[in-house]
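The values are calculated or read from the model by the stated rules, or taken from the named source; none is laboratory data. Quick caveat, the model's predicted, so the values are computed rather than measured. Positions of Cβ are backbone-derived with ideal geometry, glycine not excepted, and every protein chain shown enters the neighbour counts.
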Ligand code: SF4
């Protein structure tokens, strides 16, 4: 079986952002309390088994992700990277909202140095816009301002990391061809190595019990016309570079790549598993959607 990505659900469900579309609602501690959070327990035995399986299955990319913000536990990220060293994954990525690293450079800079030494290759920073006020509205509604994103990108580049901006497109945010062009320009100016855009998931019945998420996504999901407008722009202005296994397409638009994602969907029937997902309690799964898809 060939597996493309090894996802590590690092951290806990705690997050310092407050995204109204986040379905894994969490304890939401205040920023001041975050440094005192207790590291979640990790089943290290099963983590090593997961690494061995991932390696034997041809994984090229390992990615730290989470139900909350993985960088809230920087010491534990170091431990994960140390445990992964013998397996020599070529690409190791960190999905993050970037807020802690931007707000606490004195705490995080030593970790950045160490993570680079241990093989971390790329930070995937989630955003909803190039405009800081729009990002503040979504990520940090309880604060007066958003982080200095350009400064964070420059710092990560200075340490040797690549940076991907993963933009969630939503109505009232990135929702038109003009805004996509401005986003591309922001990415190019900041020498972003990869840009990914994904429409916010349409609400479904399953989440209708989660009032805030359902209301926000219901009010902000892109219409079919908006998606078509954006897709046509990218197809017209861009050169198609490749289609990824899950159907996302990567284009080059005037020297800036952009990956057009539909959303996290099921694989085509019969396709090999393409994701191994490690949970800190030791469970190893191969679908995000189904708890029953369990190997360990
Ligand atoms: S940054 Fe991620 S985990 Fe945190 S609230 Fe937003 S979507 Fe949820």
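Computed values, structure above
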read-out	value
Criterion violated by residue 92 - all others in (1) touching a residue at least 60 places away in the same chain (Cβ under 8 Å); (2) buried (at least 17 other Cβ atoms within 10 Å of the Cβ) satisfied	(1)
Subset of the range 148-199 (residues that are buried (at least 20 other Cβ atoms within 10 Å of the Cβ) and free of Cβ contacts under 8 Å to residues at least 40 places away in the same chain)	153
Matching residues in the range 124-147 - criterion: being more than 14 Å from residue 101 (Cβ to Cβ) and free of Cβ contacts under 8 Å to residues at least 40 places away in the same chain	131, 132, 133, 134, 135, 136, 137, 143, 144, 145
Residue in the range 52-69 that is modelled with pLDDT of 95 or more, part of a helix (DSSP H, G or I) and either within 16 Å of the ligand (Cβ to nearest atom) or closer than 19 Å to residue 11 by Cα (or both) present	no
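Per-residue answers, yes or no, for (1) in contact (Cβ under 8 Å) with a residue 60 or more places away in the chain; (2) surrounded by fewer than 21 Cβ atoms within 10 Å (Cβ to Cβ):
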| site | (1), (2) |
| --- | --- |
| 16 | yes, no |
| 44 | no, yes |
| 60 | no, yes |
| 66 | no, no |
| 79 | no, yes |
| 102 | no, yes |
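Residues checked against (1) outside any helix (DSSP H, G or I); (2) away from the ligand (no atom under 11 Å from the Cβ); (3) more than 18 Å from the chain's Cα centre (by Cα):
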position: 80; (1), (2), (3): no, yes, no
position: 102; (1), (2), (3): no, yes, no
position: 111; (1), (2), (3): no, yes, yes
position: 123; (1), (2), (3): yes, yes, no
